[in-house]
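Every number here is computed from the coordinates shown, using simple stated rules; none is lab data. Computed from a predicted structure; not experimentally measured. All Cβ positions, glycine included, derive from the backbone under ideal geometry; neighbour counts span all protein chains shown.
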């Protein structure tokens, strides 16, 4: 992760946000997490910063699931859900409840046996992010990142 430049723009943030989604949808969860860290560190908006931290945590959750690390999966998922608390139901175009439900489905084997330290991975449980709207075109829930 590189520190963001002092002239970090909404265009930079948009490019990074969508690149992270592309990587996530390709199953490159670690790379998506690394990419979104640049958006997290670049934005000055506290809600978007919190959103990116939560999104990063969901990508980490799925990367840990891929690696079969049941304990880490459970811990990071709880952290992600807590970070999403207090944000609108749909924020930055992402339906947060649906996103968390998809993550929960993906990691259900790790949730079924709380004593398990390792879990079998089922890649068919992974999913893709589909946005409800482009937050860089319209701010439906006060994202404040429309291009002007």
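Each Cα pair under 8 Å and six or more residues apart adds its sequence gap; the mean of these over the residue count of segment 9-127 is a relative contact order of 22 percent. In the chain, the longest principal axis of the Cα atoms and the axis of helix 46-66 are about 30 degrees apart. Computed per residue of the chain from DSSP H runs no shorter than four, each worth -39500 (n - 2.57), the mean residue ellipticity at 222 nm is -18500 deg cm²/dmol.
Principal-axis analysis of the Cα atoms of the chain puts helix 10-25 at an angle of about 20° to the longest axis.
Across all directions, the shadow cast by the convex hull of segment 1-80 built on its C-alpha atoms averages 5.0 square nanometres. This ranking places 30, 91 by how few other beta-carbon atoms lie within 10 Å of each, fewest first, which gives 30, 91. Modelled spin-label separation between residue 134 and residue 71, with each label point placed 7 Å from Cα along the Cα-to-Cβ direction: 4.5 nm. All Cα-Cα separations within the chain were binned at 5 Å from zero, giving a P(r) of 2, 10, 20, 24, 19, 13, 7, 4, 1, 0, 0, each value a whole percent of the pairs.
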